[in-house]
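Asks: Have a look at this one before I ask anything.
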Amino acid sequence: MSRVQLALNVAELDAAIQFYSQMFQTDPHKVRPGYANFEVEDPPLKLVLIESEHASAPLNHLGVEVDSTAEVHSETERFGRLGLDIEIEDQVVCCHAEQDKVWVADPSGTRWEVYTITDDQPAASYASRAQNLIPLAEVTAGASPIEDCCADGGLCVG
């Protein structure tokens, strides 16, 4: 099942968890320091809360969660055929899960990710993980991955 992801910057995580638990009538799927996510069934939504008291805007990024790496690769190919700038991350630990993903940005710079979770409880810490990132500006044949998927303690800031 695919679902839209909405990642929000929140000033106070506990207050936001309480509000969204009441709003969507469900408990969080995962809570970590500075981070929580909800898997809302109706409407199908992955709601991500990222604590950031100094964020300049409430929207962090948007996404579409899909069921498999094959679906991520299919979207990557489709975006490439459309001539969109893409950023590819495979086996990256971000938002407290190991993921395969592709990023695109709309004309205003709003970032979208299409991703699948390959391990929802990775044992490795962010600091010890090698992360495969190809920046938008370097997406060409033979581009070399660089490290630095997630900043601010491993939270997606994309």
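The values are calculated or read from the model by the stated rules, or taken from the named source; none is laboratory data. Here the structure is a predicted model, which means the values were calculated and not measured. In this analysis, Cβ positions are derived from the backbone assuming ideal geometry, glycine residues included, and neighbour counts consider all displayed protein chains.
Asks: Out of all the residues in the range 1-47, which are among the charged types (D, E, K, R) and touching a Gly at 6+ places or on another chain (Cβ under 8 Å)? Full working, then the answer.
Replies: Pass one, the range 1-47, residues among the charged types (D, E, K, R): 3, 12, 14, 27, 30, 32, 39, 41-42, 46.
Correct list: 46 only.
Asks: Of all residues in the range 105-130 being in a loop (DSSP other than H, G, I, E, B) and modelled with pLDDT of 85 or more, which is farthest from residue 57 (Cα to Cα)? Full working, then the answer.
Replies: As a first pass, look at the range 105-130 and keep what is in a loop (DSSP other than H, G, I, E, B): 106-110, 120-130.
With modelled with pLDDT of 85 or more added as a condition, the list becomes 106, 109-110.
Details: 106: 17, 109: 13, 110: 12 Å.
Once the filter is applied, the top-ranked residue is 106.
Asks: Next question, about the same structure. Within the set of pairs 6 or more residues apart or between chains, which connect a residue that is closer than 8 Å to residue 62 by Cα inside the range 1-12 to a residue that is outside any strand (DSSP E or B) and of a type outside the set (Val, Ile, Thr) with Cβ atoms less than 9 Å apart?
Replies: 4/43; 4/44; 7/95; 7/156; 7/158
Asks: Considering each residue of the range 73-96, count those that are modelled with pLDDT of 95 or more and closer than 11 Å to residue 117 by Cβ, and give that number.
Replies: Qualifying residue count for the region: 0.
Asks: Of a type in the set (A, V, I, L, M, F, W, C) and modelled with pLDDT under 85 - does that describe any residue in the range 97-104?
Replies: Here is the first cut: in the range 97-104, the ones of a type in the set (A, V, I, L, M, F, W, C) are 97, 102-104.
After this cut, where a residue has to be modelled with pLDDT under 85 as well, the list is 97.
Scanning the range 97-104 turns up at least one residue that is of a type in the set (A, V, I, L, M, F, W, C) and modelled with pLDDT under 85.
Asks: Let me ask another. Anything in the range 45-96 that is of a type in the set (S, T, N, Q) and either at positive phi or in a strand (DSSP E or B) (or both)? List them, or say none. Full working, then the answer.
Replies: At the first step, the residues of the range 45-96 found to be of a type in the set (S, T, N, Q) are 52, 56, 60, 68-69, 74, 76, 91.
Result: 60, 91.
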